[in-house]
Amino acid sequence: MGRGKIEIKRIENTTNRQVTFSKRRAGIIKKAKELTVLCDAHVSLILFSSTHKFFEYCSPTTNTKKMIDRYQQVTGTNLWDTHYESMQKEFNKLKEKNERLRKSMRQRVGDDLDELNHSELCGLEQNLSEALKKIRLALDSKIKRQIDTYKKKIRSAESNRSKVFRDAQELNCTFEESEEDYESMLVMRNGNPQLFPIRVQPTHPNLHERGFGYHDLRLG
């Protein structure tokens, strides 16, 4: 029994559609290769899947550009001119849009206002007023954030200063408490007098009783 005739219509199931495309793509490329070899034909094949994937085959003795040029020569059409005209139209649209934007920017800074009527001037004034409000809100928000940052820095600096002041007071108190246990002595070093604190304990003998005077002490 032969295979049943398949109805040619779009396959709704995405997976089945992709599988069918893959199989038939391989088949049509195989046929194109056979035409090239068996009949010495020039074949160019371009395929795009529904997922926008690109596939092509071209006979080894030519390339796609030559085939398109040959097609234009035989049919008397110029595909590039049509494409160029389309690009030129798109370019002109973009050029006009760019000119309108430039004019709008000039009008926002007070230039080229003579071309506007009363209604357009009122609309421009309203737009500028709304833009000014947004700018002021953004500026106020930025200033507030900067002030908060500076306040944090000031609080941190004051905290550090207070800590340093407390540490200095503690050191000063410690020095004052132990200052009574020290006596100073004048020592000659390299011909220059220098004052050194000497801690004298009650159990230490008096240096004067041992016969040492301040003039007898020297640094080696």
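Each value in this text was obtained by applying a stated rule to the coordinates, not by laboratory testing. Only a predicted model underlies this, so the values are computations on that prediction, with no experimental measurement involved. Positions of Cβ are generated from backbone atoms using ideal geometry, with glycine treated the same way; all protein chains shown enter the neighbour counts.
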Subject >> Across Lys23/Lys65; Lys95/Lys133; Lys33/Lys65, pairs whose alpha-carbon gap is larger than 22 Å >> reply: Lys23/Lys65; Lys95/Lys133
Subject >> R0 of 35 Å, Cβ-Cβ distance Met87-Arg136: FRET efficiency to nearest 0.05 >> reply: 0.20
**OP:** Name the shape class, rounded, prolate or oblate, that the alpha-carbon gyration tensor gives for segment 73-152, where a ≥ b ≥ c are the square roots of its eigenvalues, rounded holds for a/c under 1.5, and otherwise prolate holds if a/b is larger than b/c and oblate otherwise.
**Re:** oblate
